[in-house]
1. Any chance segment 159-168 includes a residue that's open to solvent by 70 Å² or more (accessible area, probe 1.4 Å), small (Gly, Ala, Ser) and modelled with pLDDT of 95 or more?
2. Step by step: first the residues of segment 130-161, then only those that are part of a loop (DSSP other than H, G, I, E, B) and not small (Gly, Ala, Ser), then the one that is nearest to the ligand (Cβ to nearest atom). Which residue is that?
3. Could you go through segment 204-212 and let me know if any residue there is surrounded by fewer than 21 Cβ atoms within 10 Å (Cβ to Cβ), over 19 Å from the mean Cα position of the chain (by Cα) and more than 19 Å from residue 262 (Cα to Cα).
4. Of the conditions (1) more than 19 Å from the chain's Cα centre (by Cα); (2) of a type outside the set (S, T, N, Q); (3) farther than 21 Å from residue 220 by Cα, residue 47 clears all except one; give me its number.
5. Tell me, which residue of segment 93-129 that is farther than 18 Å from residue 172 by Cα, charged (D, E, K, R) and not in a loop (DSSP other than H, G, I, E, B) is most open to solvent (accessible area, probe 1.4 Å)?
6. Among what's in segment 213-227 and is open to solvent by 20 Å² or more (accessible area, probe 1.4 Å) and outside any helix (DSSP H, G or I), pick the residue that is farthest from residue 197 (Cα to Cα).
7. For residue 202, indicate whether it is at pLDDT below 95, part of a loop (DSSP other than H, G, I, E, B) and more than 16 Å from the ligand (Cβ to nearest atom).
8. Tell me which residues, restricted to segment 126-141, are closer than 16 Å to residue 93 by Cβ and touching a strand residue (DSSP E or B) at 6+ places or on another chain (Cβ under 9 Å).
Amino acid sequence: MNAAPKTLRHLSELSEAGLADGEKQAALERVAAQYAVAITPAMAALIDRTDPHDPIARQFVPDAAELDRQPEEMPDPIGDDAHSPVAGIVHRYPDRVLLKLTGVCAAYCRFCFRRETIGPGAKPLTPRQRDAALGYIAAHPEIWEVVLTGGDPLVLSARRLKQAIARLAAIPHVKVIRVHTRVPVADPARITPELVRALKAPGKATYVVLHANHARELTDAARGACARLIDAGIPMLSQSVLLAGVNDDPQTLGALMRALVECRIKPYYLHHGDLAPGTAHLRTSIERGQELMRAIRGRLSGLCQPSYVLDIPGGHGKSPIGPDYLSRDDAGRYRIEDFNGALHCYPPPK
Ligand code: SF4
């Protein structure tokens, strides 16, 4: 009997699976020593070994280009540390906090904005730190929403998730619990009925935000995992990262947004690539991102439109950076651009 496929974590395993370039072995060893590597069987199975530009491989297989660090890149690109009053909490916006229960993920994305802090060696919150984090939330009545992030919270067992959600649900002013995860695509079998039940709490709204960057990630198994969440009454949104060579053309980006909507997942954010160390080869220009947003606005249903956002380095939060359709002419009248690029006066001239 063949053993079940396992997550690839070492370069030797990647080589054996035909996923590491032997000629770059020394450079890849240095990448793997710096940044966590894990490719789940679900993701490895999607990679076309004959395509040197495969968009799934580009997201998960280490690349020697990760050793090229640009001067503008930084270890904490979205400024989590500047807003962390206690371990595990990031309180950047008034009415919501991030709660990082774990620093582990099912698969490690090569463009990860927290790549300097996450990985299999990342220490989970100790019971004392977890108490302090929950105590912080309980002591701040302005916190309406808690975003479970990490790492990936859905690598935790159903039992541990249930405990964490129950403790959050016991805080009266917390009304919404949002879970950010890549697990439904990276390891769909983890979304068991027991785990789905663990995410729900009476009287509170749980949302799951799926991180997916290419339509091929939404396999039948991934679609099944999302359906188990949605059928249980958990609404789903998505977040995607704009990545050079992965989804930076209108057809690919459009196909991703449509696939998400077909799965009953509302596209929420398209993130501009963060200035994480060694990720310049995966970033596009902001102008390219705006062109793509214009292209999909014209072609695709409103349901398929995410908000294109930039996390301002230094911890200043997200701002929309999508194209602007409204301007003024020399006489100060509004001009509004339609999806074909034609300009119209508003109000229309008599
Ligand atoms: S799933 Fe999220 S936290 Fe984990 S490696 Fe990918 S981007 Fe980073």
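1. Step one: list which residues in segment 159-168 are open to solvent by 70 Å² or more (accessible area, probe 1.4 Å), which gives 159-160, 162-163, 167.
In the following step, the residues that additionally are small (Gly, Ala, Ser) were identified as none.
No.
2. Taking segment 130-161 and keeping what is part of a loop (DSSP other than H, G, I, E, B), we get 139-144, 150-152, 156-157.
Checking which are not small (Gly, Ala, Ser) leaves us with 140-144, 152, 156.
Numbers: 140: 25, 141: 29, 142: 26, 143: 22, 144: 24, 152: 5, 156: 13 Å.
Ranking the qualifying residues of segment 130-161, first place goes to 152.
3. Scanning segment 204-212 turns up at least one residue that is surrounded by fewer than 21 Cβ atoms within 10 Å (Cβ to Cβ), over 19 Å from the mean Cα position of the chain (by Cα) and more than 19 Å from residue 262 (Cα to Cα).
4. Looking at each condition in turn, residue 47 falls short on (3).
5. 128
6. In the first step, residues of segment 213-227 are kept if they are open to solvent by 20 Å² or more (accessible area, probe 1.4 Å); the result is 214-216, 219-221, 223-224, 227.
So of that shortlist, the ones also outside any helix (DSSP H, G or I) come out as 214, 219.
Values: 214: 28, 219: 23 Å.
Filtering first and then ranking leaves 214.
7. Values: at pLDDT below 95: yes; part of a loop (DSSP other than H, G, I, E, B): yes; more than 16 Å from the ligand (Cβ to nearest atom): yes.
The answer is yes for residue 202.
8. Within segment 126-141, the subset closer than 16 Å to residue 93 by Cβ is 136-137, 140-141.
The answer is 136, 137, 140.
The values are calculated or read from the model by the stated rules, or taken from the named source; none is laboratory data. Small disclaimer: the values here were computed from a predicted structure and weren't measured. No Cβ is skipped: glycine too gets one built from the backbone with ideal geometry, and neighbour counts run over all protein chains shown. Heads up: the accessible areas ignore ligands, DNA and RNA and are worked out on the full protein's heavy atoms, side chains in. Shrake-Rupley method; radii C 1.70, N 1.55, O 1.52, S 1.80 Å.
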